[in-house]
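The values are calculated or read from the model by the stated rules, or taken from the named source; none is laboratory data. Nothing here was measured: the structure is a model prediction, and the numbers come from that model. So basically every Cβ, Gly included, is an ideal-geometry build from the backbone, and we count neighbours across all protein chains shown.
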Amino acid sequence: MLLHSAENEISEDAVSKVLKAAGVSSDKARVKALVASLDGVDIADAMTTAVAAPAAAAAPGAASGGSADAPAEEAAAEAEEEDDGAGFEGLGSLFG
């Protein structure tokens, strides 16, 4: 996202430089895999979709508005707490 925001090309060299500047040692194969997985991805669109998805998921529950759904809402909140950062677990493995 940093490279995208700076309007720089997302390349193996650029990602490696960002990681090095952050003081992170990286595995070249994993950096290569990351760059390959991002090839052809519209990052701006992906960021917009990722931000909009939680809001869209919350909308149906808000529309019902009934208090009968309180236990379900509590269970959803607990599941949400457990999943905090779950989408980023794989990113840590990229950097050894």
**Asked** Which numbered condition trips up Val24, out of (1) in a loop (DSSP other than H, G, I, E, B); (2) aliphatic (A, V, I, L, M); (3) at pLDDT below 90?
**Response** (3)
**Item:** Filtered residues of region 1-16 (kept if out of contact with any helix residue (DSSP H, G or I) (no Cβ under 8 Å at 6 or more places or on another chain) and closer than 27 Å to Val51 by Cβ)
**Value:** Ser5, Ala6, Glu7
**Asked** Can you pull out the residues in region 34-62 that are under 26 Å from Glu9 (Cβ atoms) and either in contact with an Asp or Glu (Cβ under 8 Å, 6 or more places away or on another chain) or at pLDDT 85 or above (or both)?
**Response** Leu34, Val35, Ala36, Ser37, Leu38, Asp39, Gly40, Val41, Asp42, Ile43, Ala44, Asp45
**Message:** For region 10-51, which positions are among the charged types (D, E, K, R) and over 19 Å from the mean Cα position of the chain (by Cα)?
**Reply:** Glu12, Asp13, Lys17, Lys20, Asp27, Lys28
